[in-house]
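Worksheet for the structure shown next.
The values are calculated or read from the model by the stated rules, or taken from the named source; none is laboratory data. For clarity, every value in this text was computed on a predicted model and none was experimentally measured. Virtual Cβ from ideal backbone geometry, glycine too; neighbours counted across all protein chains shown. Areas reflect the complete protein model, heavy atoms only, side chains present, ligands, DNA and RNA absent. Shrake-Rupley method; radii C 1.70, N 1.55, O 1.52, S 1.80 Å.
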Amino acid sequence: MSDVTTGILTALGGVGTLAASGGDAAAHAPASGGALPAASPLVLLIPLLPLLGCVLCGLCAAAGVRTKLPAWLTVACLGAAFVAALKMLGDATGGPGTHATIAHAFDWFRIEWGKGPGGVSRELVANFSFYVDTLTCLWMLFVTGLATLIGLYASEYMAGERGPGYCRFFAAFNLFVLSMSCLVMGDNLLLLYLGWEGVGLCSYLLIGYFYQKPSAVAAAKKAFIMNRIGDLGLALGIMLTFVKFGTVEYAELFERIRPFVELARHGRFDEIPFSVQLIPLLFTVGAFGKSAQLPLYVWLPDAMEGPTPVSALIHAATMVTAGVYLVARFIPFYVCSDLALPVVAWVGTLTALTAATIGMAQFDIKRIMAYSTVSQLGYMFAGLGVLTSTGAAFHVFTHAFFKALLFLSCGAVMHGFGGQLDLRKLSGVRKMPGWGIVGVCMLVGCLNLSGFPLLTSGFFSKDMILAQAFTTPGFAAIGWILLLTAGLTAYYTFRVYFRVFEGPSQFEPGDEAHAHADPGDQAHAHAPAGHAHGGHEHGHGQGHGDGHFHPHAPGWAINTVLAVLAVCSTAAIGAYFIDRDHHGWVGRMVDSSTAAWEAPGAGHSGAHAEPPAETGHGAAPGTFLGMDPHAVMYYVSAVVALVGIGAAWWLHLAGRTAAATSRADGLLAAAGPVARGAQGKWFVDEVYDALVVTPLWVLAHVFHLLDKLLIDGLVNLAGWVPRGAGRTASTGQNGLLHSYALGMAGGLAIVLVVALFMVKN
Amino acid sequence: MTLGLLILIPLLAAALVAALPAARARGTALAGTLVPLAGVIVAAWRFPWATGEAEAYAWSAEWVRGLGVRLSLGADAVSMLLIMLTALLGPICVAGSFTAVRERERTFYGWLLVLQAAMTGVFAARDAVLFYVFFEFTLIPMYVLISRFGSTNRKAAATKFFLYTFTGSVITLAGVAYVAWFHQARISAGVWSFDLATLTRAALSMSASEQRWVFLALLAGFAVKVPLFPLHTWLPLAHTEAPTAGSVVLAGVLLKLGTYGIYMIAIPFCPGAASALAPGLSVLAVLGILVAGLVCWVQTDVKKLVAYSSVAHLGFCVLGLLAFNTIGVTGSILYMINHGLSTGALFLCIGMIYERYHTRSMKELGGLARVMPVWATFMVFFSMASVGLPGLNGFVSEFMCLMGSFQAWSAWKDSSVLAGTPGELGPYVTALAGVGMIVAAMYILMMVGNVVWGPLKEPGGHEDHHPDAAGHGHGAHGALPKDLSAREIGVLLPLAAACVFLGVYPKPVMRALERPVEGLVRSVQEARERGGQPRPLPVPRAGEVDRQSGAGVREGRQ
């Protein structure tokens, strides 16, 4: 395999270099890349390799490959891309300065229309060029790394689908990584937008992977449309940016925003034009769509209809953090508006709380994880809003590992138990033979998500956001809500763990174990039956129909990936302790990128020459009950997490003898309408249906009727006159010719009138 | 004469098709479209894209001596691109009809070839009368194709199509006639000319009110053709009833005659009036985008859905044109080409389904991905191109139309705005039009979700039938495989390749359009600067009339 990888790398390296040099020669244009130095052409491999993988998987589909070849091709390509990303990181951090570089592939948009004031040529330039700074590296590192691991996992998970479906899955998987790399690495807003919509397409294709299930199709459609609503905001933001600043290329943009940032630094927001202040708000709409924040979050829980590896990669670890990336990348734009960051912070906080409350009351473990993703994304936005882009990025980083770990563990359970996801029908899985690794990995993931003190990276990243929320003046309320949410998170996370993995070993297989009724239907097996095929693979699938279901424990690929992720999410703690000058390794990555912004009240690190931002108009840093939040928050959040875990233990593990019941059942009744509301997801979908979808549907029908009756009716009325005349003039003939003649006559009449007019003059 | 050959060869082929036995019709027709395609490729190869010469392949001959009507042909970059589109769609339409049309083949292919000649003629014509003749002449083949090869309601559809568009274009003729009269009466001292460049120059000297009336008259025919809301009701009917090839040509090229006419004649003749009427027209464009989009959403007939979607799409195209700035107009011209590719391909895809199942109703069809994976791949691909997914062609043009419209705002005069242009549209209009992007996703995904995805649903009690089972009930069309045949794939592949190419590397096309677009933008800008006042009349000097017409360089277009 390594030979293949090297071969591909070498071959592509050649192509990449060619493309880069050709492009450079063609476009020694004034604005292309600005003054930024060129990056190593190796960077181009990162988008090229997934593209190659996508094409190869497509060829596999065309050739009718029925082996695991597409998976191995994918893993090889993405693994090589990961290596290239490592190299890119080395280049970006190795040199003396930490300047952004640009790798130019080829031109895309290039239109000029003369010179503007000051001889600046007015043009729209947006190329396939990649902007490499440390923020790019940070994101691409976990995107390609996780994609490789999850591709390996999927090779086993999707094994029952081998054939065209398997190829389709991995082609879309590669296309996703390609889109994601355009999103993250693009050196201009249009390429970002390309990636932005591209990941949306891949998300659509992969959520709807089991396309015969109406619920999957509906979920895919919902995800795409919800995202499009956000995309419109982003698109308008891009247009406004272009009109205002005359460019969409980062290198120029971040230069041109500078005067406004200076104004903002001194609190002179009234001197910043409204249009500049509007840009971040429009971007925010896009970010909220992609990252599933209020009010556009409803698509993400439904997206769990997709295969679990997809949920892990796209809907937990990478794509949904694109919104966070966007805000972090454009922090200089965000600080120019006195409204944008508070909006981001508050929406993030409220999303975190809402999603956590819903997550507490659900029974489908994958949906609980989906709501926890929404909730954790809320944390990240809150972190951005209170101006700790480092904290947000660090949480993105740790969350990517532990949430992927959680999803993949849940996926292993789902895969092994015939699609069972109801936590009332599974219990004590950890103690079943062959499930030890999954159990331990799930525990690691849960500890991370709930912020278990000291041992988990999730603890440190969440702590950073919480502490900053109390520090930044004016955001204490956000701090308190986030703290409450942290407790709820610990509770619902361990509710899942204690119900499914601990307690007495009991289970009830899911529907998919029985769906395998038609053994002749192999080529186009029902999607769920695919899992049962997987069961055959491992020799546990016999007798599906007769009630003797044997769960099949995961194989080497799944276990390896889980173990690696468990190690990674723990090892990510290290990132907090390296480079303490910069608040950790992630902080260093952020500080040397455009996302750099000194968090208020954290200026004591001494690593920065810039004075702290004065978003609060010079107000003093906040405190936590009179103490320094950064010092005290470790203890507070540790206590909160332990209380949440303890509550989960008391309600869901202590003394539980059956899978289906627990102490919490009594509590549920007591909570009454609140519990019902949370179980019903606060009926947001229903409200949207009633307020938006139904009226729109009625309106569409009204328009259709008006179109048919009124507009077309008038046309027909007009058409009747000559036709009627034609009919009366001669019977038994087709009215058409007469109308034609009449029309001709009419035309001639007009020409005659003109001619007369001419004669008169 | 290159362009003349491109018009003549399909005509000759049509004559051959009519003369030869029916069994030879297909082959002759295919040859009759492939030869012009090869010719266009050569012509495009030799076309002076980079040097920006206003016209190439100019050719002119006397036609009606007394009236100064000439047979003059020529092509600028815009015409050339649209001629290329027409030539590309020609063989695709022919090859796409091999199994769909099995009787009266000579009539079908003959008229299809005539139609291609007429469309090429419109784009190549440089004389107003010649333009009008070709413009009107497209109606007759299309009328025959719809009325003789269409579905159940074909007669009514064909009649409505014919009368509606004919009525509009008669008014256009009146407008052209007025300008020609104005030219001979006020400028050239009685010497008539219908040369487009000469008339463009002359029209600029008309008074503001004359310009307004002439613009509206010219617009009448073009707006029906586009079709601009609310003049669109002939379109869904015509599309639904037309045979597949007819729909492809209709969406791919015929609608573009409208926008091309606006670009080539209406705006250059009356730039001041165009600028003054832009706000009102942009409202119609946006209404078209939103209303037609919503109407799409509640259709059950797939073909009608795609037909209505054309109304919405062309709304974007018109909006970009009305921006009167480089990005908007370039986007609009790209839109003409891209819409022809993606919507034409969608009609082909739907036609392939209709051939197999004899229905286009989403109530009877569903989940076809299971039995036709190759078809499903193409269908999803072209749907995404149609919905404007970045990386495919639709995005480039749609985004540029919106960006152009966003830029075109008089309030952007503030010196801190670095990329605003004068104009009448602005961010609010753009935001409303942008909602059309969401609506487009709604209806396209509704269609894809119903027809491509979901549980398999086939008409005639074949629901959930085993896909590989023999004797699947379309015995009559045993020639067609369950999934696409190699011929059908061959028909769709070039379109898909063009969609990817124009989505990823539109730069050559953008570069080629720079100069012609600049001419249009400048003429509108000059009209704005004159503040509605006509350009002063040139001193009439008898005998000095631009007689080398075709070769004449059109002012403001160089």
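Tell me yes or no: at least one residue of segment B:310-321 is without any contact (Cβ under 8 Å) to a residue 40 or more places away in the chain and in a helix (DSSP H, G or I). Taking every residue of segment B:310-321 in turn, none turns out to be without any contact (Cβ under 8 Å) to a residue 40 or more places away in the chain and in a helix (DSSP H, G or I). Those helices (runs of 4 or more DSSP H) of segment A:264-349 in which 2 or more residues are of a type in the set (F, W, Y) and under 27 Å from A:N188 (Cα atoms) occupy A:274-290, A:331-334. Here A:V83 passes the criteria (1) touching a helix residue (DSSP H, G or I) at 6+ places or on another chain (Cβ under 6 Å); (2) in a helix (DSSP H, G or I) except the one numbered (1).
Within segment B:225-243, the residues that satisfy the criterion of being among the hydrophobic types (A, V, I, L, M, F, W, C) and open to solvent by less than 10 Å² (accessible area, probe 1.4 Å) are B:V226, B:W234, B:L235, B:A238, B:A242. The set of residues from segment B:508-525 being facing another protein chain (nearest Cβ under 10 Å) and over 15 Å from A:E123 (Cβ atoms) comprises B:P508, B:R522. Does segment A:93-107 contain at least one residue that is facing chain B (nearest Cβ under 10 Å) and closer than 25 Å to B:A369 by Cβ? No, segment A:93-107 contains no residue that is facing chain B (nearest Cβ under 10 Å) and closer than 25 Å to B:A369 by Cβ. Scan segment A:723-736 and give yes if some residue there is open to solvent by less than 60 Å² (accessible area, probe 1.4 Å), under 30 Å from A:I358 (Cβ atoms) and either of a type in the set (G, A, S) or modelled with pLDDT of 80 or more (or both), otherwise no. No; the residues of segment A:723-736 include none that is open to solvent by less than 60 Å² (accessible area, probe 1.4 Å), under 30 Å from A:I358 (Cβ atoms) and either of a type in the set (G, A, S) or modelled with pLDDT of 80 or more (or both).
Just one of the listed residues (A:A218, A:A223) is closer than 23 Å to A:V693 by Cα, surrounded by fewer than 22 Cβ atoms within 10 Å (Cβ to Cβ) and touching a residue at least 40 places away in the same chain (Cβ under 8 Å), namely A:A218. Of the helices (runs of 4 or more DSSP H) lying entirely inside segment A:669-713, those carrying at least 3 residues that are surrounded by 13 or more Cβ atoms within 10 Å (Cβ to Cβ) and within 10 Å of chain B (Cβ to nearest Cβ) are A:694-706.
Filtering A:G601, A:G584 for residues that are in contact with a Pro (Cβ under 6 Å, 6 or more places away or on another chain), surrounded by 14 or more Cβ atoms within 10 Å (Cβ to Cβ) and either closer than 30 Å to A:F333 by Cα or at pLDDT 80 or above (or both) leaves a single hit, A:G601.
Scanning segment B:322-358 for residues that are surrounded by fewer than 24 Cβ atoms within 10 Å (Cβ to Cβ) and not in a helix (DSSP H, G or I) turns up just one, B:H358. A:V248 fulfils the conditions (1) touching a residue at least 40 places away in the same chain (Cβ under 8 Å); (2) under 30 Å from A:D689 (Cβ atoms); (3) within 11 Å of another protein chain (Cβ to nearest Cβ); (4) crowded, with 24+ Cβ neighbours inside 10 Å except for a single criterion, (2).
Filtering segment A:209-222 to residues that are more than 15 Å from A:A312 (Cα to Cα) and outside any helix (DSSP H, G or I) leaves A:F210, A:Y211, A:Q212, A:K213.
Selection of segment A:495-505 for residues being part of a helix (DSSP H, G or I), over 18 Å from A:A675 (Cβ atoms), open to solvent by less than 10 Å² (accessible area, probe 1.4 Å) and out of contact with any strand residue (DSSP E or B) (no Cβ under 8 Å at 6 or more places or on another chain) yields only A:Y497. If the condition is being touching a residue at least 60 places away in the same chain (Cβ under 8 Å) and open to solvent by 10 Å² or more (accessible area, probe 1.4 Å), then segment A:423-440 contributes A:R424, A:K425, A:R430, A:K431, A:M432, A:P433, A:G434, A:I437, A:V440. Does at least one position in segment A:277-291 carry a residue that is among the basic types (K, R), in contact (Cβ under 8 Å) with a residue 60 or more places away in the chain and open to solvent by less than 10 Å² (accessible area, probe 1.4 Å)? Within segment A:277-291, one or more residues are among the basic types (K, R), in contact (Cβ under 8 Å) with a residue 60 or more places away in the chain and open to solvent by less than 10 Å² (accessible area, probe 1.4 Å). Assess whether B:G246 counts as being of a type outside the set (D, E, K, R) and either surrounded by 23 or more Cβ atoms within 10 Å (Cβ to Cβ) or within 29 Å of B:F149 (Cα to Cα) (or both). Taking the combined requirement at face value, the residue satisfies it.
Residues in segment B:193-216 that are open to solvent by less than 20 Å² (accessible area, probe 1.4 Å) and part of a helix (DSSP H, G or I): B:L196, B:A197, B:T198, B:L199, B:T200, B:A202, B:A203, B:Q211, B:V214, B:F215. All conditions in (1) closer than 23 Å to A:L59 by Cβ; (2) open to solvent by 10 Å² or more (accessible area, probe 1.4 Å); (3) within 14 Å of the chain's Cα centre (by Cα) hold for A:F176, with the sole exception of (2). Here A:P342 fits the description: open to solvent by 10 Å² or more (accessible area, probe 1.4 Å) and not aromatic (F, W, Y).
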